[in-house]
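Structure, as structure tokens:
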Amino acid sequence: MSAGNRPPEQRGHRPDEAPGTGGRGPAEPASFHEMWRDLRTIGRAADTGGYRRYAWTAADADCRAWFQAQAEARGLACELDRNGNQWAWLGDPSAGDAVVTGSHLDSVPDGGAFDGPLGVVSSFAALDELRRRKAEFTRPVAVTNFGDEEGARFGLACVGSRLAAGQLTREKAYELKDADGISLPQAMEAAGYDPAAIGPDPERLARIGAFVELHVEQGRALDLSGDAVGIASAIWPHGRWRFDFAGEANHAGTTRLVDRRDPMLTYAQTVLAARREAELAGAVATFGKISVEPNGVNAIPSLVRGWLDSRAPDQATLDTVVAAVEQAARERAERDGVDLAVVRESFTPVIEFEHALRDELNKILGGAVPVLGTGAGHDAGILSTSVPTAMLFVRNPTGVSHSPAESADEDDCLAGVRALADVLEGLACR
Ligand code: GLV
Ligand code: MN
Ligand code: MN
């Protein structure tokens, strides 16, 4: 029986349930538990139980302080790079050929506890495990917390890693604005950070010989295969497009239907088109965010802004879906007397993780680890264009992610810690 189908009382503890000390395995989960307990309250919304850890906010600062405290508690040298990413070093970074692990601590609106934090917590726990094993490192090792992976505040995903890898210029980053019109540099400055420093960081990336990101799986492949841990093969190409539908504000009670220029109508048809085109192509397409002006219950909107997130197994399919959605939106806009502007806000091409490193991980982990692709984006995908990169996935019994209901069983999390420790040992202690 898969973990997802087991009744709750038969499941392993989830770390966020803060169970007692029973059932702990050899990876010394006390440390894992304490980290999880300290982190779990940061940025958590009392009404939904979801996380709202957006870039350069107070919750983000608390996550960063937590990361620094974990680094210091382990005697790791904590650095904040020019793009706001945190690094905790064991050994001399300038020696080069470092093995780096980590993930992110920010969240989507009302995100789950595991997406990002599981990778960071597991990285520190894996280092603890290696110390217990008295592992002797022959390469420097670092744990990272990449800034603004989700792009929840400024619309662009993986800002910290993109800047470092030169995939986002300073000029473009300066143009990013949040929903309140606060620009990225203003937000950084308000958080006490110098935005003038941001930009490509090739020297830092050149120190890295391998980057391995552990992440909760955001689907049910491992649950269905009955495995606690998997290795990533590829990330689907994906992006975000903003559709601005501009119509005419008018009275909801007195304006005849034929006289309306209602952008909500055009938007609604576009949502249906996105679903249809994704289904036809074997892709996914989602309108998950919308803003309406003036947002009055008795007024026809003047503007509806909807964000399309679309992903597909390959670039040609993604291009076809997005073009078809835009075409459908334009045709409908014409009919509704609505103006349409479409802007691509974020894009990541297909990522195929390096085969040699992927095979090495599989060998270290005993050779029978499932290898799976994903439709979710990651900093590892961004970094893979600059450094050899791999990912480990930890089983998610429901597959739910980007939701407060996101979960992973404690036993699986600890299996992930051990797998990551094995990988770090195999790569950095030869
Ligand atoms: C990030 O988690 C994404 O896939 O959008
Ligand atoms: Mn995510
Ligand atoms: Mn993530």
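The values are calculated or read from the model by the stated rules, or taken from the named source; none is laboratory data. Only a predicted model underlies this, so the values are computations on that prediction, with no experimental measurement involved. Using ideal geometry, Cβ is built from the backbone for each residue, glycine included, and neighbour counts are taken over all protein chains shown. These accessible areas exclude ligands, DNA and RNA; they are computed on the full protein's heavy atoms, side chains included. Shrake-Rupley method; radii C 1.70, N 1.55, O 1.52, S 1.80 Å.
Would you look at the GNM of the chain, springs on alpha carbons closer than 10 Å, and say which of 230, 50, 102 moves the most?
50
In square angstrom, what is the accessible area per residue of the chain with a 1.4 angstrom probe?
On the way: 17630 Å² over 430 residues.
About 41 Å² of surface per residue is accessible.
Probe radius 1.4 Å, ligands and nucleic acids ignored: give me the carbon and sulfur share of the accessible area of region 40-96 as a rounded percent. Mind showing how you got there, number by number?
Details: 1240 of 2420 Å².
So the carbon and sulfur contribution to the accessible surface is 51 percent.
Only four residue types carry charge here, +1 at the Cβ of Lys and Arg and -1 at the Cβ of Asp and Glu. Report the dipole size of region 238-348 about the Cα centre in Debye, rounded to the nearest 20.
Working: 14 positive and 16 negative charges, 40 e Å.
In total the dipole reaches around 200 debye.
Taking 0.36 nm per intervening residue step and subtracting the Cα-Cα distance, what contour gain separates residue 276 from residue 47 on full extension? Present the calculation step by step, with values, prior to reporting the outcome.
Working: separation 229, 0.36 × 229 = 82.44 nm, distance 3.42 nm.
Result for the pair: 79.0 nm of gain on full extension.
To check you understand DSSP bridge types, tell me what percent of the beta bridges within the chain (both residues inside) are antiparallel, rounded to 5. List each step's numbers first, then the result.
Details: 46 of 65 bridges.
Antiparallel bridges: around 70 percent, rounded to the nearest 5.
Applying 1/(1 + (r/R0)^6) with R0 = 35 Å to the Cβ-Cβ distance of residue 362 and residue 37, what FRET efficiency is obtained, to the nearest 0.05? Could you put the intermediate results ahead of the total?
On the way: r = 33 Å, r/R0 = 0.94.
Computed FRET efficiency for residue 362 and residue 37 comes out at 0.60.
For region 238-348, which whole-number percentage of the solvent-accessible area (1.4 Å probe, protein heavy atoms only) is attributable to carbon and sulfur atoms?
Working: 2950 of 5850 Å².
Roughly 50 percent of what the probe reaches on region 238-348 is carbon or sulfur.
Report the relative contact order of region 238-348, percent, no decimals, based on alpha-carbon pairs under 8 angstrom and at least 6 residues apart. Provide the component values of the computation, followed by the final result.
Numbers: 224 pairs, mean separation 49.9, N = 111.
Across region 238-348, relative contact order equals 45 percent.
Provide the per-residue ³J(HN,Hα) series for region 293-306, in order, calculated from phi with Karplus coefficients 6.51, -1.76, 1.60 and θ = phi - 60°, each as a whole number of Hz, with x at glycine and proline positions.
Once θ is set to phi - 60°, the couplings for region 293-306 become 10, x, 6, x, 5, 10, 10, 5, x, 8, 8, 10, 10, x Hz.
Please list the non-local residues whose amide H lies under 5 Å from the amide H of residue 261, H modeled 1.01 Å from N, same-chain partners needing a gap of 5 or more.
Excluding prolines and chain starts, which carry no amide H, the hits are 248.
Between rounded, prolate and oblate, where does region 187-274 land on the alpha carbon gyration tensor, with a ≥ b ≥ c its root eigenvalues, rounded for a/c under 1.5, else prolate if a/b exceeds b/c? Walk me through the numbers before you get to the answer.
On the way: a/c = 3.63, a/b = 1.62, b/c = 2.24.
Here region 187-274 falls in the oblate category.
Check which residues have an amide H placed less than 5 Å from residue 372's amide H, if you skip close sequence neighbours.
Hits under the 5 Å cutoff: 231, 232, 233.
Pick from 367, 84, 49 the residue whose mean-square fluctuation is largest in a GNM of the chain, springs joining Cα atoms under 10 Å.
Its mean-square fluctuation being the largest, the pick is 367.
Return, ordered by residue number, the residues of region 341-357 whose backbone nitrogen is under 20 Å from a label point located 7 Å along Cα→Cβ of residue 171.
343-347
Over the chain, what is the mean sequence separation of C-alpha contacts under 8 Å (at least six apart), divided by residue count, expressed as relative contact order in percent?
Working: 943 pairs, mean separation 97.6, N = 430.
Rounded, it is 23 percent for the chain.
Using a 10 angstrom cutoff on alpha carbons, build the Gaussian network for the chain and name the most mobile of 156, 214, 76.
Comparing 156, 214, 76 in a Gaussian network model of the chain, the most mobile one is 76.
Got a sec to turn the phi values of region 99-113 into Karplus ³J(HN,Hα) couplings, 6.51 cos²θ - 1.76 cosθ + 1.60 with θ = phi - 60°, whole Hz, x for Gly and Pro?
So the Karplus estimates, Gly and Pro as x, are 9, 10, 9, x, 6, 9, 10, 7, 9, 6, x, 6, x, x, 7 Hz.
Need one value: the accessible area of residue 251 in square angstrom, 1.4 angstrom probe, rounded to the nearest 10.
100
Compute the length gained on full extension between residue 254 and residue 206: take 0.36 nm times their separation in residues and subtract their Cα-Cα distance, giving the result in nm to one decimal. Walk me through the intermediate numbers first.
Values: separation 48, 0.36 × 48 = 17.28 nm, distance 6.48 nm.
Result for the pair: 10.8 nm of gain on full extension.
Using the Karplus curve 6.51 cos²θ - 1.76 cosθ + 1.60 with θ = phi - 60°, what ³J(HN,Hα) values do you get for each residue of region 309-317, in whole Hz, with x for Gly and Pro?
10, 9, 9, 8, x, 9, 4, 4, 5
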